[in-house]
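The values are calculated or read from the model by the stated rules, or taken from the named source; none is laboratory data. All values reported here derive from a predicted model rather than from experimental measurement. As a convention, Cβ positions derive from the backbone with ideal geometry for all residues, glycine included, and neighbour counts pool all protein chains shown. We work out accessible area using only protein heavy atoms, side chains counted, and drop any ligands, DNA or RNA first. Shrake-Rupley method; radii C 1.70, N 1.55, O 1.52, S 1.80 Å.
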Amino acid sequence: MSHRHDDSQRNPSNSHPEEPVPYPHPAGGWGALKSSAKHLIQSEDAAKGVKTLLKANQPGGFDCPGCAWGEEPTAGKIDFCENGVKAVAWEVTSKRADADFFARHSLAELRSWSDYALEKSGRLCEPMFYDGEHDHYQPVSWGRAFQLIAGELNALASPDEALFYTSGRASNEVAYLYQLFGRAFGTNNFPDCSNMCHEASGVGLGLSIGTGKGTVTMHDFEQAEAIFVFGQNPGTNHPRMLATLRKAAKRGAQVVAINNLKERGLQRFSDPQSPKEMLIGSSTAISQHYVTPRLGGDMALLRGMAKFLFEQEQEQDQTDKGADTQGVIDRDFIAQHCDNFDAYEAVVKATPWAKIIAQSGLEQQEIEKLGRIYMSSERSIFTWAMGITQHRHSVATVRELVNLLLMKGNIGKPGAGACPVRGHSNVQGNRTVGINERPPAELLDALQQRYDFAIPRQQGLNTVESIQAMLDHKARVFIGLGGNFAAATPDTAQTHRALSHCALTVHISTKLNRSHVITGQKALILPCLGRTEIDRQASGEQIITVEDSMSMVHSSQGSNEPAAPSLRSETAIVAGIAQATLRATRQPAAHLSWLSLADDYQLIREEISQVLPGFEDFNERIRQKRGFHLTNSAALREWRTATQRAVFSDSALPEALMHEQDQQHRAANTGFTLQTLRSHDQYNTTIYGMNDRYRGISGERNVLFMNPDDIKQQGLTPGDRVDITTVNQPDSDNRLRQVKGFKVVEFQIPRGCLAAYYPETNPLVPLDSVAEGCGTPTYKSIAVQLTPGIRQE
Ligand SMILES: Nc1nc2c(c(=O)[nH]1)N[C@H]1C(S)=C(S)[C@@H](COP(=O)(O)OP(=O)(O)OC[C@H]3O[C@@H](n4cnc5c(=O)[nH]c(N)nc54)[C@H](O)[C@@H]3O)O[C@H]1N2
Ligand SMILES: Nc1nc2c(c(=O)[nH]1)N[C@H]1C(S)=C(S)[C@@H](COP(=O)(O)OP(=O)(O)OC[C@H]3O[C@@H](n4cnc5c(=O)[nH]c(N)nc54)[C@H](O)[C@@H]3O)O[C@H]1N2
Ligand SMILES: [Mo]
């Protein structure tokens, strides 16, 4: 079948002409439509699914529970994508995991089920209690469930023995109430999914430009001359972003992909919402330039680009004495706004090209080509995701991204800026409203001013620290507001042991998952409404609010009847827990009327507007059609750092990444670096199906992507099975970490690098292997070795 590529001719600079790829079609297109339809039909409530979808990301509708990409300012009647369809179909399923289901299946049995099978059981329906004596969850009333939690929390020796985990789907309203309750109870222990996700972005941006958030809006994408996409697979994880990139490519902007793998979605895209592209089978080349650095090699690549800029500036100085050389490096901007540039210049100049080439795994010419594109662009945007943030030196890499942006004054001007593309649909909003184990003093001060109970000041535990605390018996009650802690976290065996040490584990969830069957001595499942459902409280139907990656805050309202009459909203559940727990104590927080707040979410928004800057008149402004924008200080060139200036970071490159530690290791089979990533058929730990269409995989998830030359060198053939074992580092605990029977698949990936799916490979990530300065597990760089294996059933 031949596909016409209407603009492929327009981009003669395409550095990689079409090579054979596992999926010959453009991303999106008919493949996406076909798959969407299949998922709706499998949800067994296709009609409801379609009706629901038309309300996705529309004013008055619900915010798609898929990703955190912003809304197109000019989006038409339909603004969702194939993977948004899957997320919605997953929620509107007609299957139910009700009390009968739990009577039929013991915990021991459920533990033997796959993650896929657990979530396939359908929507949770009523509160369920595991009492530690019978091997079945049993129904329990809401009131009794709240009492059980209150009893365990109030029996703790210290409030810091409680952990309040959040996954980024929670609304601003419930997240605000949850942090307020945790702090009224007396702790800042708010581990969250962000600790495993974009933490390095928050920390790095904060240190460099004084805000942890991205500085661009959707309008900037319309004006950028160059867009660099680092360590991100939008074709799968942010499909609506492809439409934005497609528009940019069509109007002639340079789109550059920097990715360890050749990802289909970053190469060609056919927009399912463009009738013309669909009808004539054409597609748009998304990135005209595509480089594949070694895992963790991005910082070296960026440093190479910076080095190139310095060299170009010097060359122009020499050939063009006295002429204006502002074009290469924006020295006026730097003089006016930045600190520490001289130190940065010195460290860049002192870094030899040989080091940059070895660490990035790229040729000098490739790096210079990117440097040239960046140099010639007046307005550049850098976007990035997990390929940048899940390494040991992630904070330094994020800061290097910012260094380069600052060199050309690319922050705080139209069409330019930093864009960390967030994961969960409201993970950014959760942080904004106070889910933070290391809360800034301003937040604590503001809370203290508003409430008459003592706000705890000591730092709390992040995700990895929480696991360690449970292992050490220092934390005994775990409450999860959404998410799947047992599966999403590193070092699965250790994490499961940690959870089993708890007196009580509690999960507020929509669907059954691993975390419900890896219990403490006692456990509760509290089933909640999903985004697509009508939320009725005493004052009537409620709306909730969320914040996307571009800091737009907007409302969301479900329109489906709840999956079961006994479901409660997350907000009502948190209020119920707070009321039961604090009433039993004599703390002043007991006087706060938790249940009234949950009766009318406007009251919670009123609290938020009293406490958090930027939320003035929250209830009024949220009525605007597409919500409102939270001002970004850095975008206004207002730097909220210690010196009130943007700060260049001058860290040296990591001494040696794993792949630099000599080729002999690989010959001896100990020199591979593994990244763990998402397939096209999953949402984090939720597995929708066994296919990964764009990477040519069907029917299986235990696969290992490998360079063809490495396959040969290891004496393997594609299709062979291998066991993957973590190589212990000199200072590590020497535990055996292994997964078995992974099928070897050829892929365009640099030598020495491997890729396999999350969460199947989470057992390989050592608990103490975390990013410096932010604690994110190093999910994208695990030292492993391979040995022959057999297929596991
Ligand atoms: N459908 C769907 N949508 C999702 C999610 C989902 O699971 N499914 N998850 C949501 C969440 S929580 C998040 S955080 C985002 C995740 O969005 P992504 O960050 O796109 O997710 P990953 O699958 O982890 O992909 C990482 C990408 O980085 C590349 N990469 C890995 N290591 C490196 C490196 O060292 N350098 C470079 N340059 N590239 C590298 C990988 O090849 C891969 O393309 O998506 C969100 N949206
Ligand atoms: N190896 C490896 N591990 C990783 C990553 C990686 O790239 N590699 N990525 C990390 C990243 S970026 C992230 S963000 C984390 C994700 O970690 P989590 O956010 O903890 O995990 P999810 O899989 O998104 O959670 C899925 C569960 O959320 C519940 N749920 C779904 N919708 C709702 C809702 O509306 N309300 C409530 N209350 N519950 C709901 C369902 O019960 C579902 O089973 O995983 C991290 N883990
Ligand atoms: Mo994430």
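The amide H of Val255, built 1.01 Å from its N in the peptide plane, has Ile227, Gln288, His289 as neighbours under 5 Å, considering only residues 5 or more places off or on other chains. Along the stretch 614-627 the Karplus relation, 6.51 cos²θ - 1.76 cosθ + 1.60 evaluated at θ = phi - 60°, assigns HN-Hα couplings of x, 10, 4, 6, 3, 4, 6, 5, 6, 6, 4, 3, 10, x Hz to successive residues, with x for each Gly and Pro.
The charge dipole of the chain, taken about its Cα centre with unit charges on the Cβ atoms of Lys, Arg (+1), Asp and Glu (-1) only, comes to about 1320 debye. Summing Lys, Arg as +1 and Asp, Glu as -1, what charge do residues with Cβ under 9 Å from the Cβ of Ser121 carry, Ser121 excluded? With Lys, Arg at +1 and Asp, Glu at -1, the neighbours total +4.
Packing order of peptides 202-212, 252-262, 464-474, highest average first: 202-212, 252-262, 464-474 (average count of other Cβ atoms within 10 Å over each peptide's residues). The amide H of Ala27, built 1.01 Å from its N in the peptide plane, has Arg268, Phe269, Ser270 as neighbours under 5 Å, considering only residues 5 or more places off or on other chains.
Each listed q (0.05, 0.06, 0.10, 0.11 Å⁻¹) maps to a log10 I(q)/I(0) for the chain from the Debye sum over equal C-alpha point scatterers, namely -0.24, -0.35, -1.05, -1.29. In the chain, taking the dipole from charged Cβ atoms about the Cα centre, the farthest positive-side position among Ala224, Ser425, Leu301 is held by Ser425. As a fraction of the 1.4 Å probe accessible area of the stretch 610-740, surface on carbon and sulfur atoms comes out at 47 percent. Computed over protein heavy atoms with a 1.4 Å probe, the accessible surface of the stretch 680-763 works out to 37 Å² per residue. Rolled with a 1.4 Å probe across the full set of protein chains, the surface gives Tyr137 an accessible area near 10 Å².
Using 27 Å as the Cα-Cα cut-off, could you pick out the over-long pairs in Lys95/Lys262; Lys262/Lys413; Lys355/Lys780; Lys474/Lys780; Lys522/Lys743? Pairs exceeding 27 Å: Lys95/Lys262; Lys262/Lys413; Lys474/Lys780; Lys522/Lys743. Across the stretch 658-788, Cα-Cα distances exceeding 26 Å account for 19% of all pairs. Counting only protein heavy atoms and a 1.4 Å probe, tell me what percentage of the stretch 199-420's accessible area is made up of carbon and sulfur. Roughly 50 percent of what the probe reaches on the stretch 199-420 is carbon or sulfur.
Oblate is the label for the stretch 435-579, because a/c, from the alpha-carbon gyration tensor with a ≥ b ≥ c as root eigenvalues, is 1.5 or above and a/b does not exceed b/c. Note that the stretch 124-133 has calculated 3J(HN,Hα) couplings of 5, 10, 9, x, 10, 10, 10, 8, x, 10 Hz, one per residue in order, obtained from phi through the Karplus relation 6.51 cos²θ - 1.76 cosθ + 1.60 (θ = phi - 60°); glycine and proline are x. Residues whose amide H comes within less than 5 Å of that of Val216, counting only those at least five positions distant or on another chain, are Ala418 (H built at 1.01 Å from N in the peptide plane). Take 501-512, 151-162 and order them by the average number of nearby Cβ atoms within 10 Å per residue, most first; the result is 501-512, 151-162.
Taking the average, over residues, of other Cβ atoms within 10 Å as the packing measure, peptides 434-441, 701-708 rank 701-708, 434-441 from highest down. In the context of the full set of protein chains, the stretch 492-556 has a per residue accessible area of 23 Å² (1.4 Å probe).
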